[in-house]
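Student: Have a look at this one before I ask anything.
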């Protein structure tokens with residue numbers, strides 16, 4: 001399954017209200033387990049970058065971080081208000 | 001399928017050489033088709049943000065952009081040299 005198919009499949013399972021959505025996923029595979037994990041800091045920077053393009057407040061951003069020993073996946077979900 | 005499962009499944013299908021990999025995916029669903037697409041600019045900013053944490057050169061970054069009428073998916077794949 002390609003990535004665009006994955007996201008389109010996900011779209012169908014959520015409410016079908018027409019909203020603008022932006023989703024950012026960062027997947028980090030580490031080779032060494034004792035490396036620092038910079039994803040929490042990166043998350044803050046990513047939100048700052050997005051704000052250059054679209055006005056978002058913190059409460060529009062849902063964040064989740066899944067971690068295993070050698071793999072971290074950071075997910076940011078941003079639902080934007082209707083364009084006026 | 002959860003996202004972390006998706007990335008772990010992808011990992012198994014690629015060469016199993018232990019390398020550090022960072023993958024960033026931006027999925028943008030638009031409600032209006034005539035909106036400007038800022039993903040190409042965003043791509044440059046994302047690389048700049050990653051450079052705050054890890055030294056990467058342009059040739060380490062593979063980019064792909066999949067677009068349909070109302071959905072764009074930007075994918076950045078970064079394979080890092082072995083930590084010394």
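Student: With the structure loaded, tell me whether residue B:66 is facing chain A (nearest Cβ under 7 Å) and modelled with pLDDT of 75 or more or whether it fails that test. Before the answer, list the steps.
Tutor: Numbers: facing chain A (nearest Cβ under 7 Å): yes; modelled with pLDDT of 75 or more: yes.
The answer is yes for residue B:66.
Student: Moving to a separate point now. Could you list all residues from region A:22-56 that are without any contact (Cβ under 8 Å) to a residue 12 or more places away in the chain, over 26 Å from residue B:81 (Cα atoms), facing chain B (nearest Cβ under 10 Å) and not in a helix (DSSP H, G or I)?
Tutor: Once the filter is applied, which keeps residues that are without any contact (Cβ under 8 Å) to a residue 12 or more places away in the chain, over 26 Å from residue B:81 (Cα atoms), facing chain B (nearest Cβ under 10 Å) and not in a helix (DSSP H, G or I), region A:22-56 yields A:52, A:53.
Student: Residue B:74 - would you say it is buried (at least 17 other Cβ atoms within 10 Å of the Cβ), more than 9 Å from chain A (Cβ to nearest Cβ) and at pLDDT 85 or above? Talk me through it step by step, then tell me what you get.
Tutor: Working: buried (at least 17 other Cβ atoms within 10 Å of the Cβ): yes; more than 9 Å from chain A (Cβ to nearest Cβ): yes; at pLDDT 85 or above: yes.
Yes: the conditions hold for residue B:74.
The values are calculated or read from the model by the stated rules, or taken from the named source; none is laboratory data. Since the model is a prediction, treat every value here as computed from it, not as a measurement. Glycine also receives a Cβ, built like all others from the backbone with ideal geometry; neighbour counts cover every protein chain displayed.
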